[in-house]
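Each reported figure results from applying straightforward, stated rules to the coordinates on display, with no laboratory input. Small disclaimer: the values here were computed from a predicted structure and weren't measured. Please note: Cβ atoms are built from the backbone with ideal geometry, for glycine as well, and neighbour counts cover all protein chains shown.
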Amino acid sequence: MKYGFVIFITLLGCGFSLAAVGQTNVSPKAPSPLEQTLMDAEQGFVEAAKKGDVPFFKRTLTDDFSFVAFDGQLYQRQDMLDQFGQGGLNLQPYDMKVVMAADAVAIVTYDVVLRVPAAEDQGPPPRYQHFSTVWVKQDDAWKMKFQQMTASHWGDW
């Protein structure tokens, strides 16, 4: 009986050791130069939205750019210029990832904490959102072709 208890404790200790090894954090791989270029381009969008940098949007959006806002409505290029060209958005992106869709097409996807004051007669937009942007390479430059903003947590305003 005494040996059975010792064997049980030894096996239990080994099980915890293996569980701890399985839980070690693996450091994320560094982004490739192309992925870093696209994440920098997306960060440029975030900064332009904060400042209302209309020249950035005019230079970066494709002529046929469209986007789906958190309200589910489809908007066009001019709507982006009108809405984001005013500045004042406090976008805090995190967990950015790049998915290559083709040689000259990529999707940058990430989560955002959005802090804006409530608009007249309506509350603020959802604070936690998920953004996905389709980037296409035209000539030597990456341009925004499409973006979708999706509310992540309704009611967390």
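For a straight C-alpha distance cut-off of 19 angstrom, the lysines reachable from Lys97 (same-chain residues fewer than eight places away being disregarded) are Lys29, Lys137, Lys143, Lys145. Between the beta carbons of Asp79 and Met100, assuming R0 = 30 Å, the FRET efficiency works out to 0.60 to the nearest 0.05.
How much length, in nm to one decimal, is gained on full extension between Gln92 and Asp111, taken as 0.36 nm per residue of separation minus their Cα-Cα distance? Write down the numbers at each step before the final one.
Numbers: separation 19, 0.36 × 19 = 6.84 nm, distance 0.83 nm.
My answer for the length gained is 6.0 nm.
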